[in-house]
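S.K.: Could you have a look at this structure, given as structure tokens, before my questions?
The numbers here are math on the coordinates, done by the rules we state, and not lab data. Remember, it's a predicted structure, so these values are computed and weren't measured experimentally. For neighbour counting, all protein chains shown are included, and Cβ atoms are generated from backbone atoms with ideal geometry for every residue, glycine included.
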Amino acid sequence: MLPIEGVSLDEIEVCLQPVVRLLPRRLDRTLGALLLPRQISVLHGAERAPLSIIAHGVTVSSLRQKKDARVVFLDSGSNYKPRTIRNLCKMMGISGDDIKRIVVGKVLDLYNLERMVAQVKGMHDVTVVILDNLTSTLNKSFPPGSKGRQRQLFQTLEDFRDLVNEIGCHLLITDHSSVDWNSGARTPVGGNVLAHAVDTLVSVTVIDSHEHLVSLLVEQTPVTPMPAGCVLVVTVDGIRTIKGA
């Protein structure tokens with residue numbers, strides 16, 4: 001019998017430093033702490049707009065982290081908004097030339113997404129990959145609830161896991177929430193296949209009583225202690241705290 005060679009847990013390098021620092025600081029304390037290398041996060045909610053704006057905010061913040069790094073924005077639909085990017089760049093004091101470091105890819109379906117993942121693997125200067133939004137990609141690929149859709153989603157998420165492990169980036173996915181009519185709980189579209197394949201789940205909820213107020217609540221993460229939630233003002237002009245700080 002061949003000897004089994006093991007590696008001590010102390011010898012395994014685990015990076016606990018987030019790949020990006022977000023603005024405002026309250027968003028960074030809730031979401032930024034979860035954006036670790038080689039991990040996958042999902043933002044999910046009932047309304048599309050705040051999810052996409054936060055994805056844009058992470059994109060622009062990533063440009064501040066490393067001057068030579070790129071960000072990949074995989075756009076399933078017409079979610080990528082240059083106006084929002086410019087507004088956020090102005091708010092964060094980022095040069096317009098830095099926008100060129102955002103690589104935008106149009107996603108047609110899950111099969112097309114697989115090919116894009118393969119291309120990103122060759123880009124070793126990427127800190128963050130964003131998929132906005134997964135629900136649209138699924139709907140373009142298979143009928144809701146079909147076995148083929150879940151099987152292909154599983155394969156795509158496996159490809160994403162290989163990607164983040166290989167180049168050390170973070171993957172942030174935005175996703176629509178579906179409602180459990182028995183419990184009333186909201187869960188991201190993709191069900192258990194998605195929940196078991198990602199590291200972090202964050203729910204994003206619009207507070208109906210106040211215009212543009214959005215709450216973020218961390219539901220699942222390996223990060224300890226689990227970051228507290230926050231309430232922010234989220235508009236196309238930027239993301240700010242209630243007091244504007």
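S.K.: Please list, in order along the range 152-157, the HN-Hα scalar couplings obtained from phi with the Karplus expression 6.51 cos²θ - 1.76 cosθ + 1.60 (θ = phi - 60°), rounded to whole Hz, x for Gly and Pro.
M.R.: With the stated coefficients, the range 152-157 comes to 5, 4, 4, 5, 5, 5 Hz.
S.K.: At most 14 other C-beta atoms within 10 Å and a DSSP loop state: those are the exposed GluC sites (Glu not before Pro) I care about. Give me the longest piece of the chain that has none. Please list the in-between numbers first.
M.R.: On the way: sites that count: E5, E13, E47, E211.
In short, 48-210.
S.K.: Using 1/(1 + (r/R0)^6) with R0 = 41 angstrom and r between the beta carbons of E114 and K243, what's the FRET efficiency to the nearest 0.05? Write out the running numbers ahead of the final one.
M.R.: Details: r = 44 Å, r/R0 = 1.08.
E between E114 and K243, to the nearest 0.05, is 0.40.
S.K.: Let me know the shape class of the chain, please: from the alpha-carbon gyration tensor, a ≥ b ≥ c as square roots of the eigenvalues, rounded when a/c is under 1.5, otherwise prolate if a/b is greater than b/c, or oblate.
M.R.: Numbers: a/c = 1.34, a/b = 1.16, b/c = 1.15.
Rounded.
S.K.: Straight-line reach only, C-alpha to C-alpha below 26 angstrom: list the lysines that K66 could link to, leaving out same-chain residues fewer than 8 apart.
M.R.: K81, K90, K100, K106, K121
S.K.: List the chymotrypsin sites (Phe, Trp or Tyr not before Pro) within the range 141-245 that DSSP assigns to loop and that have no more than 13 neighbouring Cβ atoms inside 10 Å.
M.R.: Working: sites: F154, F160, W181; in loops: W181.
In loop regions of the range 141-245 (DSSP not H, G, I, E or B), the sparsely surrounded chymotrypsin sites (Phe, Trp or Tyr not before Pro) are W181.
S.K.: Equivalent ellipsoid semi-axes for the range 79-134, as square roots of 5 times the alpha carbon gyration tensor eigenvalues: give them largest first, rounded to whole Å. Each step should come with its number before you reach the end.
M.R.: Numbers: eigenvalues 118, 41, 12 Å².
Over the Cα atoms of the range 79-134, the ellipsoid semi-axes are 24, 14, 8 Å.
S.K.: Skipping prolines and chain starts, which residues have an amide H placed within reach, meaning under 5 Å, of the one on V42, given they are 5 or more residues away or on another chain?
M.R.: It is I173, T200, L201, V202, by chain and number.
S.K.: Find how much the distance from K140 to D68 grows on full extension, using 0.36 nm per residue of separation minus their present alpha carbon separation; answer in nm with one decimal.
M.R.: Numbers: separation 72, 0.36 × 72 = 25.92 nm, distance 3.42 nm.
Full extension of this stretch gives 22.5 nm more.
S.K.: Moving on. Normalised radius of gyration for the range 131-245, please: alpha carbon Rg relative to 2.2 N^0.38 Å, two decimal places.
M.R.: Here the answer is 1.20, to two decimals.
S.K.: Also: If packing is taken as the average number of other Cβ atoms within 10 Å across a peptide's residues, how do 188-194, 125-131, 55-61, 103-109 rank, most packed first?
M.R.: Values: 188-194: 18.4, 125-131: 23.0, 55-61: 25.6, 103-109: 15.9.
The packing order, highest mean first, is 55-61, 125-131, 188-194, 103-109.
S.K.: Hey, what does the equivalent ellipsoid look like for the range 157-204, semi-axes from the Cα gyration tensor as sqrt of 5 times each eigenvalue, largest first, whole Å?
M.R.: Details: eigenvalues 129, 21, 10 Å².
Ellipsoid half-lengths, sorted descending, are 25, 10, 7 Å.
S.K.: For a label point 7 Å from the Cα of D98 along Cα→C-beta, name the residues of the range 49-82 whose backbone N is under 15 Å from it.
M.R.: Flagged as within label range: 56-72.
S.K.: Would you please give the residues with an amide H less than 5 Å from that of L108, counting only those at least 5 places away or on a separate chain, with H modeled from the backbone geometry?
M.R.: L113
S.K.: To continue, here is another question. Determine ³J(HN,Hα), in whole Hz, for all residues of the range 119-127 in sequence, where each value follows from phi through the Karplus function 6.51 cos²θ - 1.76 cosθ + 1.60 and θ = phi - 60°; x replaces Gly and Pro.
M.R.: Whole-Hz 3J(HN,Hα) from phi for the range 119-127: 5, 5, 4, x, 10, 8, 10, 9, 9.
S.K.: Per-residue HN-Hα couplings for the range 38-49, Karplus 6.51 cos²θ - 1.76 cosθ + 1.60 at θ = phi - 60°, whole Hz, x for Gly and Pro?
M.R.: With coefficients 6.51, -1.76 and 1.60, one gets 6, 10, 10, 10, 10, 9, 9, x, 7, 10, 6, 4 Hz.
S.K.: Highest first, please rank the peptides 33-42, 144-153, 225-234 by the mean number of other Cβ atoms sitting within 10 Å of their residues. Let's see the in-between values first.
M.R.: Details: 33-42: 21.4, 144-153: 13.9, 225-234: 17.0.
Packing order, densest peptide first, comes out as 33-42, 225-234, 144-153.
S.K.: How large is the Kirkwood hydrodynamic radius of the range 75-180, counting all unique pairs of alpha carbons, in Å? If you can, show how the numbers build up before the last one.
M.R.: Numbers: mean 1/r = 0.0661 Å⁻¹.
About 15.1 Å, per the Kirkwood formula over Cα pairs.
S.K.: Amide H neighbours of H170 under 5 Å, counting only residues 5+ apart in sequence or on other chains, H built in-plane at 1.01 Å?
M.R.: For H170, whose amide H was placed from the backbone, the distant partners under 5 Å are R38, V128, V129.
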